[in-house]
Amino acid sequence: MQKPGNLQLSIIIVNYNVRYFLEQCLYSVQRAVGSLAAEIRVVDNHSADDSMDVLPALFPEVIFYRNTVNLGFARANNQALADCKGDIILFLNPDTLLPEDGLTRALDFFSCHPNAGALGFRMLDGRGRYLPESKRAFPTPMASFWKLTGMAGLFPRSGFFNRYALGHLDPLQNHAIPVLAGACFFARKSILDKLGGFDERYFLYGEDIDLSHKITRAGYENWYLGEISMLHFKGESSNGLGLHRVRFFYQAMRLFVNQYFQKGPAKLFSWLLQLAILLRGLLSAVKRLIRPVFLPLMDVLLLYASLQIMRFLWIAGLRGGKDFGVPELPFLLLLLTASFLGAAAVAGLYEKRYRTAQIIPPLIFGCLVTLAVYSVLPESVRFSRGVVIGGVLLGGTWILVFRSLSYAIGYAGWKRDAEAEGQTLVAGSVAEYGQVRELFTHALQQEQILGRVAIDEDRRDSVCDWETLSAFVASIPVSCVVFCIGETRLSSLIPHLETLTGRGIRFLFHVSPGGSLVGSHSLTADAEIVKPFVQYQLADPYQLRLKRLTDWVLCIFLLLSFPFWMIRYGKPGRFFRNLFQVFTGKKTWVGYAGSGDKLPQIPKGVMTNFPAVQVHSKISPEITDGYYAKNYNWWKDMRVVFSNPGLICR
């Protein structure tokens with residue numbers, strides 16, 4: 001029974017640089033709280049984003065703590081726990097969405113099960129996939145061994161090999177289990193007070209395992225409620241920690257082993273387990289250290305090998321087996337390789353993107369610079385221009401193929417730098433459909449919205465309903481589904497979400513009255529956010545470098561072909577003036593049609609991104625400029641220039 005003056009529930013959320021996820025989470029929490037006597041406390045662990053500048057005003061009833069350093073997950077939760085007045089405490093991650101009836105059902109479960117010390121929900125990620133860490137066993141040496149060796153992943157439903165994730169238990173049923181996940185962890189305040197909350201020696205990982213174990217040792221049960229499903233986008237707060245994330249994880253594992261496996265027969269096994277943990281941690285650390293230099297090393301090997309192959313082919317095919325007689329040749333090939341890759345790197349070859357249109361310009365620039373370097377070598381060491389041209393073309397082709405394969409197999413770090421492809425459905429009411437369309441418009445998203453998935457009897461703007469959604473997606477190319485959580489409950493959306501899982505569709509979620517969409521990309525682990533303001537491609541230094549490179553390449557091409565332009569259009573004075581101003585950076589070939597005051601700054605253009613604006617006054621220059629800056633790529637400039645060649649001499 002609730003004590004006089006006490007609240008039924010206190011909710012603690014620790015935030016670190018996930019403003020938009022936290023905003024959506026708080027809206028979902030407010031919907032779930034309803035008429036419950038509850039309080040919400042948010043501890044910000046010194047976020048570098050604008051979380052604390054924006055969210056307190058949006059949620060005046062929420063209690064915010066502003067830390068000046070990152071205290072870690074355990075200490076930050078304990079910080080708020082000391083002030084909590086609820087009989088039940090919910091530790092909740094900010095990258096989660098709760099079902100509307102989740103809190104009420106959790107409190108009812110505690111009331112009906114007096115021996116329940118803690119409980120958690122069934123969790124799905126932003127792609128609709130079940131998260132096996134929702135229910136876990138105590139990490140005994142044997143269970144940990146099978147997980148570390150990968151056997152648990154090979155036999156996910158085995159109660160022996162996958163004991164750690166309790167693979168033999170039905171995830172849709174309720175079970176008393178040893179360990180709950182810290183992303184959604186309900187516990188009685190009285191028990192937490194006795195146990196002292198989380199062990200603050202754990203910075204980021206392991207504290208939920210430790211607390212779960214202490215609760216069971218105190219004589220209480222931990223319950224997994226498979227009948228209640230929620231969303232956990234997973235890991236968004238820790239994504240920016242890089243190598244520190246690996247260190248925190250394996251430090252937590254070693255701490256846990258030292259704490260619980262130092263007596264009796266388990267001690268020997270713990271030594272072996274710690275060795276496995278150490279090796280696994282070293283491998284993860286080495287992998288993270290090697291990853292930034294892996295592509296450059298592969299490019300060096302591919303390009304150098306291509307130059308050597310072309311050298312031997314040239315000697316065998318055109319010189320009758322006679323070598324060039326240049327002793328320094330191996331070192332010259334290394335110099336040319338370094339010149340190619342150095343120039344390509346400056347042009348953006350190693351930006352974390354993949355799109356063929358973004359890879360080709362750096363490769364072309366690398367080829368041009370390599371030929372220029374070869375041309376200034378002393379006559380005595382120039383061996384063959386044909387070998388250089390053939391080698392860099394072959395090497396560039398192999399580099400492009402390797403990039404394509406790397407992206408196809410999901411090489412970590414790549415992200416698609418492209419305009420949205422496919423079509424989008426919005427599952428929500430007519431009003432919510434309008435809100436999402438407006439949000440996409442404000443964010444200048446290029447997505448084609450097919451229409452609405454009707455959630456009620458109103459069929460306006462709808463192309464299908466809940467019952468026909470799966471069949472519709474199977475017959476029409478749909479790349480994205482936006483689920484609106486407002487007039488439709490999250491618990492009602494989840495079954496439809498799960499029917500679409502595994503079809504290569506990405507999912508976004510909008511919790512009313514939030515001003516953004518959040519989700520996890522359907523093919524990578526990266527978070528995806530549609531914000532109420534625009535992220536311009538031209539604000540990216542890489543795209544600005546690419547635009548400058550495109551200007552230079554066009555200048556060189558136009559200079560080499562200037563007789564054609566003189567014969568066709570005349571006006572040599574204006575032609576060479578524009579050429580000089582673009583080459584020196586005073587102008588760019590393609591600029592804004594309007595003033596561009598609120599857009600990323602670029603030089604004035606010889607021509608505009610949409611020359612038709614100058615003729616058709618009904619088309620707003622601000623709109624065309626916005627789309628140009630938002631979705632810029634070098635090919636757009638090429639198309640504008642060669643679609644309007646007369647403007648080169650304007």
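Summary of values
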{"read-out": "FRET efficiency, Leu36 to Ser158 (Cβ-Cβ, R0 35 Å, nearest 0.05)", "value": "0.30"}
{"read-out": "Ascending count of other beta-carbon atoms within 10 Å, so fewest first, for Glu498, Glu379, Glu39, Glu432", "value": "Glu379, Glu498, Glu39, Glu432"}
{"read-out": "Dipole magnitude (debye, nearest 20) for the range 423-530, charges at Cβ of Lys, Arg, Asp, Glu", "value": "180 debye"}
{"read-out": "Separation of the Ser475 and Arg545 label points, Cα + 7 Å toward Cβ, nm", "value": "4.9 nm"}
{"read-out": "Net charge of Cβ neighbours under 14 Å - reference Thr584; Lys, Arg +1; Asp, Glu -1", "value": "+4"}
{"read-out": "Global geometry of the range 291-408, whether rounded, prolate or oblate, following the gyration tensor of its Cα atoms and the 1.5 cut on a/c", "value": "prolate"}
{"read-out": "Neighbourhood net charge (11 Å Cβ-Cβ; Lys/Arg +1, Asp/Glu -1) for Arg489", "value": "-2"}
{"read-out": "Distance between modelled label sites at Lys571 and Cys112, nm, 7 Å Cα→Cβ extension", "value": "8.1 nm"}
{"read-out": "Unit charges at the beta carbon, dipole of the range 4-157: most positive-side option, Phe91, Asn78, Gly128", "value": "Gly128"}
{"read-out": "Extension reserve of the Asn6-Asp456 stretch, reckoned as 0.36 nm per residue once the Cα distance is removed", "value": "158.0 nm"}
{"read-out": "Under 5 Å, built H, 5+ apart or other chain: amide partners of Phe64", "value": "Val42"}
{"read-out": "Greater than 28 Å apart at Cα, pairs in Lys147/Lys189; Lys547/Lys571; Lys135/Lys194; Lys571/Lys598; Lys234/Lys636; Lys194/Lys234", "value": "Lys147/Lys189; Lys571/Lys598; Lys234/Lys636; Lys194/Lys234"}
{"read-out": "Neighbour-count ranking [beta-carbon atoms within 10 angstrom, fewest first] of Ser375, Ser28", "value": "Ser375, Ser28"}
{"read-out": "FRET E, pair Lys194, Asp50, Förster distance 56 Å, beta-carbon r, rounded to 0.05", "value": "0.90"}
{"read-out": "Pairwise FRET efficiency - Arg639 versus Asp323, Cβ, R0 = 45 Å, nearest 0.05", "value": "0.45"}
{"read-out": "Cβ-based exposure ranking for Trp466, Trp634, in which fewest neighbours within 10 Å come first", "value": "Trp466, Trp634"}
{"read-out": "Gain upon complete extension [Lys604, Lys85; 0.36 nm per residue less C-alpha separation]", "value": "180.7 nm"}
{"read-out": "Cα-projected label distance for Ala345 with Glu438, points at 7 Å along beta-carbon direction, nm", "value": "4.9 nm"}
{"read-out": "Residue-count net charge about Glu200 - beta-carbon cut-off 11 Å; Lys, Arg +1, Asp, Glu -1", "value": "-1"}
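All of the numbers you see were taken from the coordinates with simple rules; none came from a lab. In this text the structure is predicted, and so the values were computed from the model without any measurement. FYI the Cβ positions are ideal-geometry reconstructions off the backbone, even for glycines, and counts take in every protein chain you see.
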